[in-house]
Amino acid sequence: DSLLTSRPALQRESHFQPEHKESWLMAFRKALRRTAVVGGGAVAAAFGLSQLMEYRKTQARLAHVAAEAEVKVPYADELPSRQTQLEALRDTPEFDVLVVGGGATGAGCALDAVTRNLKTALVERSDFSSGTSSRSTKLIHGGVRYLQKAIMKLDYEQYMMVKEALHERANLLEIAPHLSAPLPIMLPVYKWWQLPYYWAGIKMYDLVAGIHCLKSSYVLSKSKALELFPMLKKDKLVGAIVYYDGQHNDARMNLAIALSAARHGAAVANYTEVVSLLKSKDQQTGKERVCGARCRDIITRQEFDVRAKCVINATGPFTDSLRQMDKQEISNICQPSAGVHIVIPGYYSPDNMGLLDPATSDGRVIFFLPWENMTIAGTTDTPTNVTAHPIPGEDDINFILREVRNYLSPDVEVRRGDVLAAWSGIRPLVTDPNSKDTQSICRNHIVNISDSGLVTIAGGKWTTYRSMAEETLDAAIKSHSLSAEPCRTVGLMLEGAKGWTPTLYIRLVQDYGLEKEVAQHLASTYGAKAFDVAKMAKVTGQRWPIVGKRLVSEFPYIEAEVLYAIKEYACTAIDVIARRTRLGFLNVQAADEALPRIVHIMGKELNWTQEKRTEELEAAKTFLYHEMGYRSRSEQLTKTSEINLDYQEVVRYKNRFHKFDKESKGFITTVDVQRVLESINVQIDENALHEILNEVDLNKNGQVEIDEFLQLMSAVKKGQVSDSRLAILMKTAEETLDIRGPVTVDRSGGGV
């Protein structure tokens, strides 16, 4: 979640002349190589034996997976429907394992259990990955920050935690290559003494990874760093270090794990909540033992019992809720922490290079990463209350923007209006209930078994979900005397991975006539299952593309994905915009625009009444407004917004407004705008015009007053609003109408 924290500068900065810095850096790199030869031997010897043992252990486990040939996959051809899964939950006399929670850890536990030939069930009260697992930084990493602490404090536990995470990173990249990939991350250095300090730390990271090192880290000169990351601040930059970690589509990865469990025979059901735990008396000890759960289908409100020999609590931030169903007076172990991320346009970062701010103004760490053709920045880390609907705060959004500005060139104006989406995820930090110091936050995960046999897995990180699941199942099997086979999930390919190749998208273009961008998106989202989505795509009626109607023009999501999402257990419009596609996480306005079409497609397929369709549309809009940052974005322009324009700007914008307000009414309507557009031969749909004006119509009276227009232009100037359609449209029309010749371009932001 973070990287090296900069220690205090105890040495003075060296004052090299600019013309000598490049040559000094070359000499420094040579010196580092010589140092590595001398000192590296001793360090390598210390790690060599453990790496060899790890290699042999890994090869043996992979050989075990290979020896099993193919683990039995009852539903390889088609997933059972949600209704079939619910019937299995209701009708099965007893499961071996019931997992509560459909996040990464819960889905991982279900996959681990079912591939050990245990009869497995999983229930999730919302959608798979609806909580923390879909709101991460999208990194698969070992955590250099923990390695630094391990070295500085000689902490063996932290060292092993990093080593385990790096092993799991390599496995995850292998078992879901369509959803994950290595990502180079640049650590810019602005003080000469920090270069060897950071270099040593990052090289140690490579060394601990051993055979699992993705690519070797390297040092860059100032000129090379700016060539690879041209948006970087040049002033005082002395060089950079680039290291590699993994990146993934977190919600789709979580879903792939859950679907893989379903294909292997687990009965999994989303929108199924646990109402209470079932208990029975142990005949030998006389103690009460957890033997299942009373569940409720959220959609139909029907309740039923699911009986199981073992119940696993993998509910993330809601860990304590289930623990208190088991024993009401038990103390809380979850210490929730909120992490906010923002999404800004892709032009803020290179296509394939991330950035790390190792020491922010308040000691936190900020990642700045390309993702899905956009740029993610985050995260914050603040105590919070447990909630199913965390909301990103304006203070956190502005904190991230301020930190981003510190590392980007002054030429790049970082505007509040460029925040396309924002979200908050709750990290379920935990205290160990078995520890004497119950207030101390556990740095890793914990597995706890209550007196009544409830198995709780809590804490940890996304990257280590598989090893956490393995440890949890090992503990459950031992404590409940279950008959099971060894763990088989190392090297076990996830949904869509088998048959995927980096060039698979070409076949989609050639065989189905999809756009290249759409084909690449389908291949990287669904893997080999992309062909199933393509088969559902409707003919466009155009020369090209032949099939694949987009939900919104600027994103490669197509209508067929909505239909396929239903096969993947999507039950609501929110499931589609947030987790089957990632539209809600990438651009809230685009998601809002796509919602009516998504609801129409789902309503037709699922036979929704008009009342249900309206309910779904409103619920999804509420989700975007509160949880995805639409509210924060829309509040940048309000009725109380100050007009911060100088006299000349006010005159210029009033003149622009009056070219539309011919009668000097003091306001404009769609009729006024349409009249001007027709005079310059521009055609815009009337509904689209209503939407454009509605974005600026603050008092919602169907018209835009002169003050509202000036508030808009002031917000654009300050960077609070960008890409305002009305502002750009009126500026373009003015330039076309102006018979006096071209008007100078006013760089006031947002292209206006």
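The values are calculated or read from the model by the stated rules, or taken from the named source; none is laboratory data. As the structure is a prediction and not an experimental result, all values here were calculated from the model. Note that each Cβ is placed from the backbone with ideal geometry, even for glycine, and that neighbours are counted across all protein chains shown. We work out accessible area using only protein heavy atoms, side chains counted, and drop any ligands, DNA or RNA first. Shrake-Rupley method; radii C 1.70, N 1.55, O 1.52, S 1.80 Å.
Summary table
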quantity: Some residue of segment 620-632 being outside any helix (DSSP H, G or I) and out of contact with any Cys (no Cβ under 6 Å at 6 or more places or on another chain); calculated: yes
quantity: Flag if R550 is modelled with pLDDT of 95 or more, in contact with a helix residue (DSSP H, G or I) (Cβ under 8 Å, 6 or more places away or on another chain) and open to solvent by less than 10 Å² (accessible area, probe 1.4 Å); calculated: no
quantity: Single unsatisfied condition, K612 versus (1) basic (K, R); (2) at pLDDT below 90; (3) farther than 23 Å from A422 by Cα; calculated: (2)
quantity: Selection status of S180, hydroxyl-bearing (S, T, Y) and either surrounded by fewer than 18 Cβ atoms within 10 Å (Cβ to Cβ) or at positive phi (or both); calculated: no
quantity: Selection status of P390, out of contact with any His (no Cβ under 6 Å at 6 or more places or on another chain), crowded, with 18+ Cβ neighbours inside 10 Å and either in contact (Cβ under 8 Å) with a residue 24 or more places away in the chain or not small (G, A, S) (or both); calculated: yes
quantity: Selected residue [among the aliphatic types (A, V, I, L, M) and farther than 26 Å from H521 by Cα] from I376, I391; calculated: I391
quantity: Residue check for V599: in a helix (DSSP H, G or I) and under 19 Å from E705 (Cα atoms); calculated: no
quantity: Which listed residue, of V576, V518, V562, V547, is under 30 Å from G629 (Cα atoms) and without any contact (Cβ under 8 Å) to a residue 40 or more places away in the chain; calculated: V576
quantity: Test: residue in segment 611-619 that is in contact (Cβ under 8 Å) with a residue 12 or more places away in the chain and within 26 Å of V268 (Cβ to Cβ); calculated: yes
quantity: Segment 366-382: number of residues that are open to solvent by 10 Å² or more (accessible area, probe 1.4 Å) and in contact with a His (Cβ under 8 Å, 6 or more places away or on another chain); calculated: 1
quantity: Sole exception among (1) among the polar types (S, T, N, Q); (2) modelled with pLDDT of 95 or more; (3) surrounded by 12 or more Cβ atoms within 10 Å (Cβ to Cβ); (4) assigned to a helix (DSSP H, G or I) for Q51, by number; calculated: (2)
quantity: Residue among A497, A534 that is assigned to a helix (DSSP H, G or I), closer than 21 Å to H178 by Cα and of a type in the set (A, V, I, L, M, F, W, C); calculated: A534
quantity: Restricting segment 674-686 to residues that are farther than 13 Å from R725 by Cβ and free of Cβ contacts under 8 Å to residues at least 40 places away in the same chain, the residue that is nearest to the chain's Cα centre (by Cα); calculated: E686
quantity: Q542, sole failed condition from (1) in contact (Cβ under 8 Å) with a residue 12 or more places away in the chain; (2) assigned to a loop (DSSP other than H, G, I, E, B); calculated: (1)
quantity: Selection from segment 245-269 of residues that are open to solvent by 10 Å² or more (accessible area, probe 1.4 Å) and touching a strand residue (DSSP E or B) at 6+ places or on another chain (Cβ under 6 Å); calculated: Q247
quantity: Filter result (open to solvent by 60 Å² or more (accessible area, probe 1.4 Å) and either among the basic types (K, R) or modelled with pLDDT under 95 (or both)) within segment 458-480; calculated: K478
quantity: Enumerated helices (runs of 4 or more DSSP H) restricted to segment 636-744, each holding at least 3 residues that are more than 25 Å from L401 (Cβ to Cβ) and of a type in the set (S, T, N, Q); calculated: 670-679
quantity: Segment 646-658, residues that are of a type in the set (A, V, I, L, M, F, W, C) and open to solvent by 30 Å² or more (accessible area, probe 1.4 Å); calculated: V650, V651
quantity: Single residue of segment 270-318 satisfying the filter (free of Cβ contacts under 8 Å to residues at least 60 places away in the same chain and among the aliphatic types (A, V, I, L, M)) that is surrounded by the fewest Cβ atoms within 10 Å (Cβ to Cβ); calculated: V275
quantity: Selection from segment 74-99 of residues that are of a type in the set (A, V, I, L, M) and either part of a loop (DSSP other than H, G, I, E, B) or open to solvent by less than 10 Å² (accessible area, probe 1.4 Å) (or both); calculated: A76, L79, L86, L89, V97, L98, V99
quantity: Residue list for segment 465-510, restricted to those being of a type outside the set (V, I, T), in contact with a strand residue (DSSP E or B) (Cβ under 7 Å, 6 or more places away or on another chain) and under 21 Å from G103 (Cβ atoms); calculated: M468, E471, A475, A476
quantity: Residues satisfying the stated conditions in segment 553-569, i.e. of a type outside the set (A, V, I, L, M, F, W, C) and either at pLDDT below 95 or more than 11 Å from M536 (Cα to Cα) (or both); calculated: S553, E554, P556, Y557, K567, E568, Y569
quantity: Which listed residue is modelled with pLDDT under 95 and either open to solvent by less than 10 Å² (accessible area, probe 1.4 Å) or of a type in the set (A, V, I, L, M, F, W, C) (or both), from V509, V455, V430, V490; calculated: V430
quantity: Qualifying residue in segment 615-622 (condition: within 17 Å of H389 (Cβ to Cβ), open to solvent by less than 60 Å² (accessible area, probe 1.4 Å) and modelled with pLDDT under 90); calculated: no
quantity: Filter result (in a strand (DSSP E or B), out of contact with any helix residue (DSSP H, G or I) (no Cβ under 8 Å at 6 or more places or on another chain) and within 30 Å of L322 (Cα to Cα)) within segment 350-401; calculated: P383
quantity: Where a residue in segment 181-194 is within 19 Å of L228 (Cβ to Cβ) and among the hydroxyl-bearing types (S, T, Y) and its partner, wherever it lies, is part of a loop (DSSP other than H, G, I, E, B) and open to solvent by 10 Å² or more (accessible area, probe 1.4 Å), with Cβ under 6 Å and at least six apart; calculated: Y190/K236
quantity: Neighbours by Cβ (under 8 Å, 6+ apart or cross-chain): first from segment 196-211, assigned to a helix (DSSP H, G or I); second at pLDDT below 90 and acidic (D, E); calculated: G210/E54; I211/E54
quantity: The listed residue being open to solvent by less than 10 Å² (accessible area, probe 1.4 Å) and assigned to a loop (DSSP other than H, G, I, E, B), out of L237, L214; calculated: L237
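Yes or no, residue by residue, for (1) under 25 Å from S349 (Cβ atoms); (2) at pLDDT below 95; (3) in a helix (DSSP H, G or I); (4) open to solvent by less than 10 Å² (accessible area, probe 1.4 Å):
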site: I151; (1), (2), (3), (4): no, yes, yes, no
site: L154; (1), (2), (3), (4): no, yes, no, no
site: V162; (1), (2), (3), (4): no, yes, yes, yes
site: L173; (1), (2), (3), (4): yes, no, yes, no
